[in-house]
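Reviewing the structure listed below.
The values are calculated or read from the model by the stated rules, or taken from the named source; none is laboratory data. This structure is a prediction, so every number in the text was calculated from the model and none was measured. Note that we place each Cβ from the backbone using ideal geometry, even for glycine, and neighbour counts take in every protein chain shown.
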Amino acid sequence: MQVAVIGGGVVGVCSAYFLAAAGHQVVVLERYGNVAEEASFANAGLVSPGLAGPIAAPGAPRRLIGWLSRPQAPVFIRPDVRPALWRWLRRWVDECQLDRFRVNKERMQRLAGYSQSVLAALREHHALDYQQTRGILQLIRSPQELQLAGPLLDMLAQCGHPHRQVDPDAARLIEPALSDSTPLAAAIHFPNDESGNCALFARQLRSICQDLGVEFHFNSLVDNIAPAANAVGFNIEGRSFSADAVVIAAGVHSAALLRGIGPALPLYPVNGFSATANIKNFDCAPLAAVFDDSYQLAITRMGNRVRVAGTFELGKEDLRLSPPALRTLVKCGNDWFADAANYNSASFWCGACAMLPEGVPLLGATAARNVFVNIAHGNHGWAMAPGSGKIIADLVSGRAPDIDLDGLTLARYG
Ligand SMILES: Cc1cc2nc3c(=O)[nH]c(=O)nc-3n(C[C@H](O)[C@H](O)[C@H](O)COP(=O)(O)OP(=O)(O)OC[C@H]3O[C@@H](n4cnc5c(N)ncnc54)[C@H](O)[C@@H]3O)c2cc1C
């Protein structure tokens, strides 16, 4: 089959790879000049089934209200918000109930766990090196936050995902450069979870795709999709094309492409930020990755650089850098690895995650014949991309995927 993948982010590139490997003739349509230019460009890099979960969690609405009055916080909401955001937040609050959190977390962890094994196979097969490291330490600053982590710890124990709660001394044995002047109540160590440079991986996979015959059409903005009886039509800047099947992997722009195909999805762009700095003192830098639970951000080693990434901003429709969010990144870099880098002179970046209130992605067929989606991976899209790409290729090829897709398809939206 001739398959067009719309979007050259990490999700689109992984989809293209597995579609080509399954024998399809694949074109990737990307509006920018290279792959991984949007959300996949400078993310935190965590490939963590342990941390893969919705931001809608028990206690989160109360925490959110507390954060709004703080100058340095993990979440900011712009005051000039539109009704779509309030509708999204209302649904998000419903998803924060314990029973909903359990359902959503299980779905995300199922996909991320599968995806990690697909990534490992890809890495081995193609001898990929994308600055990957192994082991993630989740840092919990206060006893109150340790209490809030209760449902997460229960779920991790239930599903048997390898993890260990450790005290501050043991945490500093795992990450010797971790500051001892910042309060730390406990940490959770995920020994098998990983991190790596998502954009570097996507660019490497792009070359492998090209060797497999995938064509990349850059600077090609798809305006709309028009499914028909025997083919799927689409327009690129007024010109008409068609393919046997189309996979939408267009990140935050996916909802617009689904207009007229349906269903209408509450897919909201949630902005996140990162600061990437050269390491000036290697003895003082992280060996792998840590995740600061209080500020919902990660500090990740990427070769000779360190990246601080996270901090969400809602209600903003552009990718301008937000000074309070950047101050939070710099603060947390200095809190945990002060002498590793000069965070004030880092390269700062803003990207938008396509997020549903429940946080769980959507994969598979739409109501329109041969139009598929691989979307809404929120802030865990890198962790889920290889697995999601393999699943989409299986579904397009009419094969049963390797994992149960219960709760991961559009059936969730009727
Ligand atoms: C600060 C931050 C930290 C993050 N940290 C992590 C992390 O640690 N681990 C993790 O797993 N995830 C993380 N994420 C989330 C992750 O980056 C995203 O989930 C992932 O990159 C989404 O990939 P994607 O391919 O779906 O979207 P994108 O990378 O946004 O790709 C979509 C592509 O589609 C193209 N496109 C859109 N519309 C059209 C159109 N009409 N025609 C042609 N092309 C189009 C865009 O140009 C873009 O290149 C983080 C995100 C942010 C912002």
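Return the only residue of Ala20, Ala16, Ala73, Ala57 being modelled with pLDDT of 95 or more and either within 15 Å of the ligand (Cβ to nearest atom) or part of a loop (DSSP other than H, G, I, E, B) (or both). Quick ask: steps written out before the conclusion?
Values: Ala20 fails: either within 15 Å of the ligand (Cβ to nearest atom) or part of a loop (DSSP other than H, G, I, E, B) (or both); Ala73 fails: modelled with pLDDT of 95 or more; Ala57 fails: modelled with pLDDT of 95 or more.
Step by step, each of Ala20, Ala16, Ala73, Ala57 is checked, and only Ala16 is modelled with pLDDT of 95 or more and either within 15 Å of the ligand (Cβ to nearest atom) or part of a loop (DSSP other than H, G, I, E, B) (or both).
Report whether or not Leu178 is away from the ligand (no atom under 16 Å from the Cβ), closer than 26 Å to Asn281 by Cβ and touching a residue at least 24 places away in the same chain (Cβ under 8 Å). Break it down stepwise before answering.
Details: away from the ligand (no atom under 16 Å from the Cβ): yes; closer than 26 Å to Asn281 by Cβ: yes; touching a residue at least 24 places away in the same chain (Cβ under 8 Å): yes.
Yes.
Looking at Val214, is it surrounded by 14 or more Cβ atoms within 10 Å (Cβ to Cβ), within 26 Å of Gly381 (Cα to Cα) and away from the ligand (no atom under 14 Å from the Cβ)? It would help to see each step written out before you state the result.
Numbers: surrounded by 14 or more Cβ atoms within 10 Å (Cβ to Cβ): yes; within 26 Å of Gly381 (Cα to Cα): yes; away from the ligand (no atom under 14 Å from the Cβ): yes.
Answer is yes for this residue.
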Given the residues Glu358, Glu313, Glu317, which is the only one that is acidic (Asp, Glu) and within 30 Å of Ser181 (Cβ to Cβ)? Glu313
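For residues that are touching a Cys at 6+ places or on another chain (Cβ under 6 Å) and crowded, with 18+ Cβ neighbours inside 10 Å, tally how many sit in segment 338-347. Walk me through it before giving the result.
Our first condition is that a residue be touching a Cys at 6+ places or on another chain (Cβ under 6 Å); within segment 338-347, this holds for 339-340.
Now restrict to residues that are crowded, with 18+ Cβ neighbours inside 10 Å: 340.
So the answer is 1.
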Where in segment 207-325 are there strands (runs of 3 or more DSSP E), lying fully within it, with 3 or more residues that are among the β-branched types (Val, Ile, Thr) and touching a residue at least 12 places away in the same chain (Cβ under 8 Å)? 245-248, 305-314
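Among the residues of segment 322-341, which ones are closer than 22 Å to Leu46 by Cα and in contact with a strand residue (DSSP E or B) (Cβ under 8 Å, 6 or more places away or on another chain)?
We begin by selecting, within segment 322-341, every residue closer than 22 Å to Leu46 by Cα; these are 325-338, 340-341.
Scanning segment 322-341 gives Ala325, Leu326, Thr328, Leu329, Val330, Cys332, Gly333, Asp335, Trp336, Phe337, Ala340, Ala341.
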Considering only residues of segment 358-400 that are closer than 18 Å to Ala39 by Cα and part of a loop (DSSP other than H, G, I, E, B), which is farthest from the ligand (Cβ to nearest atom)? Val360
Kindly establish whether Leu156 is crowded, with 21+ Cβ neighbours inside 10 Å and touching a His at 6+ places or on another chain (Cβ under 8 Å). yes
